[in-house]
């Protein structure tokens, strides 16, 4: 609802300014005042106009004040400071519209493609991978159509690098450290299944072992690294025993990854694999396009002689000097091998429907409500459309900022400016562990480690926490609390509550920090029922539900009853303001959603949910707001509606964050 008022106020200001001053204003800044007594919106428009009209901002604000105050739904407009316009809404009218669930529509045309997770299929997922997956899953939930919003047509992809060096490392370990051939691997994998051992967990140890083995004997380093490279080339070539072993292992590990993510409510539509990008010769087609458009050229001198290169993006003020561009990005090395960026350019041309080629498709993993497909070389089954996106969002950590920039600029250099403009690198910083959590996990820490802000994890060194182990620990810790608080509940109910709290705590912790903030994960902080945590927000929603259970009332009926209430007097004064604060924050949900999508930043949703939970808790704890025991029926109806609107928007916000509200806490 707040967004509807905001749009109306902006449109009215633009109309007034055009009529009075003959000035066309584009996007206007609308701020949320720092204090409630200043109103619901603060407009600095007079300061912008002052430059054009050569007039004092306060004088302009005074001229705009009366006309803006005449708007329906606006209670008053005050001029503050040197020229701010503070808009106060008609609280009663606004509450009625919020109760009726009026809100701005969020969504639009076009197909938006979100790629996230993209774990190398060579070992178990770890805590760092969870940040990627949770960010991507939350963002796609914010985009997709649902009962609240028309949204955007959205596809979710999980890129699988099944021919990369990490998979080659596992194959080296299997074939040369464990002396297994293809049939041995098949028998071994069957044995793991029959003995309830996880392939991804076993590979975790293998990967750490082989990583150390490469460097273990100085005299063997070169030979072992060559073995690694030969294995990689055999996997890339395909149609040989090495490639078949890699296929078995990578697909087996991938299935475990999907199981892990499904525990967090994370699902995918399509799994594009590197093997098909290679075998379907995506790069060869992309190379031709790059050369034809002049985006890539052969360097004939300087340090990059013999390489095919692409100029990096430069500012308009920079000068292009004569001679070789020593800073050019190498796309094809002088030995003919293609760099990561080159392969990624081909892949992104496919994403935007610009490559002129497509994958084959096969059904791979059924979810409750849809099928997850995987790429093949020859699949002919009817399938949904997965490429041809109008906008893409790549959830990839910040260490890939430069390659992502180069791929985007390659699209621009090829003449695909719209694609480049709609290419979003949703980057994020890595996740470490607090010293306290690392110690709880059994890692031996030095005194120096104990003083660090975080302990960095490393799959190659075998240091870190596996994602499933982390999820298990979160749920187990929540279960202890639930068992102590609710021994009267049956086993199944307590297990369901513990899962909702444990998973919710994990997801909220990963979301509450802005993307480029380094996270030091901590078990105790994440699971706390106090502070900016998932359990705190969930508890607020549970409290609201308890009010209706005790009062014997229905949330929907309480919201509908608002239309008949005489609200004006009840929303003024100190008592009314504590109620209005909850409604005002509840009204901002669509604005927060819209801003989060525009900035590709899910953290704002977590911040909003915490603020609403805080305000509802403050409302709940005030003795004058004892909903169940209120004797004034009219005021009781408003208090019930306040609890209902807080719960409604909390449930929605938590839903976009992939969190559920348990029946009790």
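The values are calculated or read from the model by the stated rules, or taken from the named source; none is laboratory data. Since we're looking at a predicted model, the values are computed, not measured. A quick note on method: Cβ atoms are made from the backbone with ideal geometry, for glycine too, and the neighbour counts reach across all protein chains shown.
Where residues in segment 14-41 are surrounded by 19 or more Cβ atoms within 10 Å (Cβ to Cβ) and within 27 Å of residue 149 (Cα to Cα), which of them is nearest to the chain's Cα centre (by Cα)? Filtering segment 14-41 for residues that are surrounded by 19 or more Cβ atoms within 10 Å (Cβ to Cβ) and within 27 Å of residue 149 (Cα to Cα), the one nearest to the chain's Cα centre (by Cα) comes out as 30.
Note on segment 394-447: among residues that are more than 26 Å from residue 516 (Cα to Cα) and in contact with a helix residue (DSSP H, G or I) (Cβ under 7 Å, 6 or more places away or on another chain), the one that is modelled with the highest pLDDT is 414.
Count, please, the residues in segment 211-222 that happen to be over 33 Å from the mean Cα position of the chain (by Cα) and within 17 Å of residue 178 (Cα to Cα).
Count: 4.
Scan segment 368-399 for residues that are in a loop (DSSP other than H, G, I, E, B), farther than 14 Å from residue 155 by Cβ and in contact (Cβ under 8 Å) with a residue 12 or more places away in the chain and the total you get is 7.
The listed residues are 591, 650, 638, and the only one of them that is at pLDDT 95 or above, in a helix (DSSP H, G or I) and over 30 Å from residue 138 (Cα atoms) turns out to be 638. For segment 500-518, check the following and say yes or no: at least one residue is touching a residue at least 60 places away in the same chain (Cβ under 8 Å), touching a strand residue (DSSP E or B) at 6+ places or on another chain (Cβ under 8 Å) and in a helix (DSSP H, G or I). Checked against the condition, which is being touching a residue at least 60 places away in the same chain (Cβ under 8 Å), touching a strand residue (DSSP E or B) at 6+ places or on another chain (Cβ under 8 Å) and in a helix (DSSP H, G or I), segment 500-518 yields at least one hit. The residue pairs whose first member lies in segment 175-198 and is assigned to a loop (DSSP other than H, G, I, E, B), whose second member is surrounded by 10 or more Cβ atoms within 10 Å (Cβ to Cβ), and whose beta carbons are closer than 7 Å, counting only pairs six or more residues apart or on different chains, are 180/174; 180/188; 181/241; 198/256.
Picking from residues in segment 64-84 that are touching a residue at least 60 places away in the same chain (Cβ under 8 Å) and under 18 Å from residue 37 (Cα atoms), the one that is surrounded by the most Cβ atoms within 10 Å (Cβ to Cβ) is 74. Counting the residues of segment 591-635 that are over 15 Å from the mean Cα position of the chain (by Cα), surrounded by fewer than 22 Cβ atoms within 10 Å (Cβ to Cβ) and closer than 24 Å to residue 423 by Cα gives 0.
Filtered by the rule that a residue be surrounded by fewer than 19 Cβ atoms within 10 Å (Cβ to Cβ) and out of contact with any helix residue (DSSP H, G or I) (no Cβ under 9 Å at 6 or more places or on another chain), segment 259-269 gives a lone residue, 262. Entry remark, segment 120-151: residues being farther than 18 Å from residue 395 by Cα and not in a loop (DSSP other than H, G, I, E, B) number 1 in total. Scanning segment 524-539 for residues that are over 19 Å from the mean Cα position of the chain (by Cα), within 18 Å of residue 653 (Cβ to Cβ) and surrounded by fewer than 23 Cβ atoms within 10 Å (Cβ to Cβ) yields 531, 536, 539.
So that you can scan it fast, the table gives a plain yes or no per residue for (1) outside any helix (DSSP H, G or I); (2) out of contact with any helix residue (DSSP H, G or I) (no Cβ under 9 Å at 6 or more places or on another chain):
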| residue | (1), (2) |
| --- | --- |
| 17 | no, no |
| 20 | no, no |
| 24 | yes, no |
| 33 | yes, yes |
| 58 | no, no |
| 64 | no, no |
| 67 | no, no |
| 86 | yes, no |
| 98 | no, no |
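Assessment of segment 199-208 against the conditions (crowded, with 19+ Cβ neighbours inside 10 Å, touching a helix residue (DSSP H, G or I) at 6+ places or on another chain (Cβ under 9 Å), in a strand (DSSP E or B) and in contact (Cβ under 8 Å) with a residue 60 or more places away in the chain) yields no matching residue.
For segment 426-472, residues that are closer than 24 Å to residue 112 by Cα, in contact with a strand residue (DSSP E or B) (Cβ under 6 Å, 6 or more places away or on another chain) and surrounded by fewer than 19 Cβ atoms within 10 Å (Cβ to Cβ) total 0.
So in segment 152-173, with the set limited to residues that are part of a helix (DSSP H, G or I) and in contact with a helix residue (DSSP H, G or I) (Cβ under 6 Å, 6 or more places away or on another chain), which one is surrounded by the fewest Cβ atoms within 10 Å (Cβ to Cβ)? Among residues in segment 152-173 that are part of a helix (DSSP H, G or I) and in contact with a helix residue (DSSP H, G or I) (Cβ under 6 Å, 6 or more places away or on another chain), the one surrounded by the fewest Cβ atoms within 10 Å (Cβ to Cβ) is 165.
Can you tell me how many residues within segment 107-119 are outside any strand (DSSP E or B) and surrounded by 23 or more Cβ atoms within 10 Å (Cβ to Cβ)?
Initial filter on segment 107-119 (outside any strand (DSSP E or B)): 116-119.
With the extra rule that they be surrounded by 23 or more Cβ atoms within 10 Å (Cβ to Cβ), the set shrinks to 116-117, 119.
Matching residues across segment 107-119 total 3.
Mind checking whether some residue in segment 301-308 is outside any loop (DSSP other than H, G, I, E, B) and surrounded by fewer than 17 Cβ atoms within 10 Å (Cβ to Cβ)?
Restricting attention to segment 301-308, the residues satisfying the condition of being outside any loop (DSSP other than H, G, I, E, B) are 308.
Still in the list and also surrounded by fewer than 17 Cβ atoms within 10 Å (Cβ to Cβ): none.
No: segment 301-308 contains no residue that is outside any loop (DSSP other than H, G, I, E, B) and surrounded by fewer than 17 Cβ atoms within 10 Å (Cβ to Cβ).
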